[in-house]
Amino acid sequence: MNHIDSFKRADVYALGLVYWEIARRCNTGGGCEDYQLPYYDMLSNDPSIEEVRKVVCTNKQRPVIPNKWQSCEDLRVMSKLMKECWYHNPAARLPALRIKKTLANLGAHDDLKC
């Protein structure tokens, strides 16, 4: 994999984290969750690179997807998308076009299905 591909794969991973942050703030009928940074429950407030590397790369941990997201069709789709952005193997992560198509399908309807 060349350097450009490595950056693309890292960007896809980061995009999945942004989606997770947005999804946490969606009202699923029972209110929305408080804002938190990804890995808030796994890292210290000011983590070192080594601490992040251990959690993400060595331990292969990912942000928790709340069970209640499975009861909302749109958040269920977004949860799946996030997980596919976070594959440990960068080559297995979704390409940008697949992400775009998934989001376009979600955006094809006007109402949030929760």
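Evaluate E = 1/(1 + (r/R0)^6) for K54 and T102, where r is the Cβ-Cβ distance and R0 equals 25 Å; express this FRET efficiency to the nearest 0.05.
Working: r = 31 Å, r/R0 = 1.23.
My answer for the efficiency is 0.20.
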Summing +1 per Lys or Arg and -1 per Asp or Glu among the other residues with Cβ less than 12 Å from V64's Cβ gives +2
Near P47, within a Cβ-to-Cβ distance under 13 Å, what is the net charge of the other residues, with Lys and Arg +1 and Asp and Glu -1? -2
Lysines near K100 by alpha-carbon distance under 23 Å, same-chain residues fewer than 8 away left out - which ones? K8, K80, K83, K113
Put +1 on the Cβ of each Lys and Arg and -1 on the Cβ of each Asp and Glu in the chain; which of T58, Y39, C26 then has its Cα farthest toward the positive end of the dipole? T58
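Using only C-alpha atoms and all pairs of different ones, pull out the Kirkwood radius for the chain in Å with one decimal. If you can, show how the numbers build up before the last one.
Working: mean 1/r = 0.0658 Å⁻¹.
Answer for the chain: a Kirkwood hydrodynamic radius of 15.2 Å.
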Given Cβ point charges of +1 (Lys, Arg) and -1 (Asp, Glu) and nothing else, what value in debye, to the nearest 20, does the dipole of the chain about its Cα centre take? 500
Starting from 0.36 nm per residue, how many nanometres of slack lie between Q36 and D11 once their C-alpha separation is accounted for? 7.0 nm
Taking the Cβ-Cβ separation of E21 and A91 as r and a Förster radius of 25 Å, what is the calculated FRET efficiency to the nearest 0.05? 0.50
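Rule-based calculations on the coordinates, nothing more; no lab input. Keep in mind the model is a prediction, meaning the values are calculated, not measured. Note that we place each Cβ from the backbone using ideal geometry, even for glycine, and neighbour counts take in every protein chain shown.
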